[in-house]
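Step one of this worksheet: look at the structure below.
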Amino acid sequence: MKGLYARITIAFIGIASGVLLISTIAFVLATHYHFSLYQDQAMDTNMNSPTFDTHFEQALVQSVLVSAIIGIILSVLLSLFVAKRITAPLIQMKKVAERMANGELGVRTTVKGNDEIADLGGSLNHLAEQLMHQEQLRKTMTADVAHELRTPIATLKSHMEAMIDGVWMPTPERLESCYEEIERLRFLVGDLEQLTEMESPHFKLKLHKENVSAIVNRNIEACRASFDQKGVNLLFEGLTNVEATLDRQRLGQIVVNLLTNALKFTPQGGKVFVEVKEEEHAVVIIVSDTGIGMNEDDLRFVFERFYRVEKSRDRKSGGSGIGLTIVKKLVEAHGGTIRMESRVGEGTSVEIQFPKI
């Protein structure tokens, strides 16, 4: 940054000094020329006054030279002042950026004015805020993954130790319990892989013109057995030919995740409704249930990874907490929007809108 300060200072000094120097030379030459002309005219008319002419010309030249020197000194001082004012915030931003690079993400630069340098300072502060947010997400995700893995691994370890030590007999029921814990780990790893894939810059959708109603209905039928087993009524209502440009496989994944989530929190005897309708510029899919619902505080964080509404619920029934995060990522990848409404004890409704084109 010292090099920038020096270059700006030299540039200001050079420009100001150059202008003054050229002006001074031009003025001296013009003055000398006109006095020479005056001497010639005065000589022709016998009005020559050499002493007066010499002193007057010297006075003019000296005044010009003094003015030039003072002007150069002032230009140097002004250039130093202006350069310092310009580079001071840049130097501060450089120091802030270096501290951020060393892990001090709480530092901020002072933003004054509304020029380009102020915009740069604001962008740097915004970058620091985003880095803090991403760092917090990284720490939270690391803690959440460790927490999610710890429970099934601890269960498996205790079961295996008990069977190895002969405290437990490896009965089919106990082996099935171990198998269920392994399945939980497999599903968690699968969800994390999907989330990582969708957050990758190489993630792409296979977009084609598709019949949304047919895809939704097909995935509903695939999930119906689970609903029948729990005693939850699954209903579908919608137009038969609603088309939009989207990824067939990813739409199925969205529908299955929403249905799975609705089934988890809808008690026996409840109902889950799925509706597909068409608007002027969008296709709307609504999944609503008569489940336990949630309050407004939980509703704000429901799409965050690993977030659970019922934190005291059994982790097996509560899932990995990534399903709705995946749904939101997929909907946004299609250029769509998702919103959720819920009331405690009355159920939850999720509305998704996909653009037709």
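The alpha-carbon of Lys84 sits under 26 angstrom from the alpha-carbons of these lysines, leaving out residues fewer than 8 places away in its chain: Lys2, Lys94, Lys95, Lys112. Near Glu129: Cβ cut-off under 13 Å, other residues only, Lys/Arg at +1 and Asp/Glu at -1. The net charge is 0.
By the Cα gyration tensor, the stretch 188-255 has an equivalent ellipsoid whose semi-axes, rounded to whole angstrom, run 25, 20, 6 from largest to smallest. Between Lys84 and Thr140, the FRET efficiency from the beta-carbon distance, with R0 = 35 Å, is close to 0.20.
Maximal additional length on extending the Glu98-Asp228 stretch stands at 40.8 nm, based on 0.36 nm per residue less the C-alpha distance. For Ser200 and Glu161, the difference between the fully extended length at 0.36 nm per residue and the C-alpha to C-alpha distance is 10.1 nm. The calculated FRET efficiency for the pair Gln268 and Glu180, based on their C-beta separation and a Förster distance of 25 Å, comes to about 0.75. The residues neighbouring Glu237, those whose beta-carbon lies less than 10 Å from its own, together hold a net charge of 0 under the Lys/Arg +1, Asp/Glu -1 convention.
For the residue pairs Lys271/Lys328; Lys206/Lys277; Lys328/Lys356; Lys206/Lys230, the alpha carbons lie more than 30 Å apart in Lys206/Lys230.
Ordering Gly238, Gln353, Phe227 by the projection of their Cα atoms onto the charge dipole of the stretch 208-355, which places +1 on the Cβ of Lys and Arg and -1 on the Cβ of Asp and Glu, puts Phe227 at the extreme positive end.
Note on Lys157: lysines with a C-alpha under 22 Å away, same-chain residues under 8 apart excluded, are Lys316.
Summary of packing: across the peptides 331-340, 163-172, the per-residue average of other C-beta atoms within 10 Å ranks them, highest first, as 331-340, 163-172.
Coordinate-derived values only; no laboratory data. Remember, it's a predicted structure, so these values are computed and weren't measured experimentally. For neighbour counting, all protein chains shown are included, and Cβ atoms are generated from backbone atoms with ideal geometry for every residue, glycine included.
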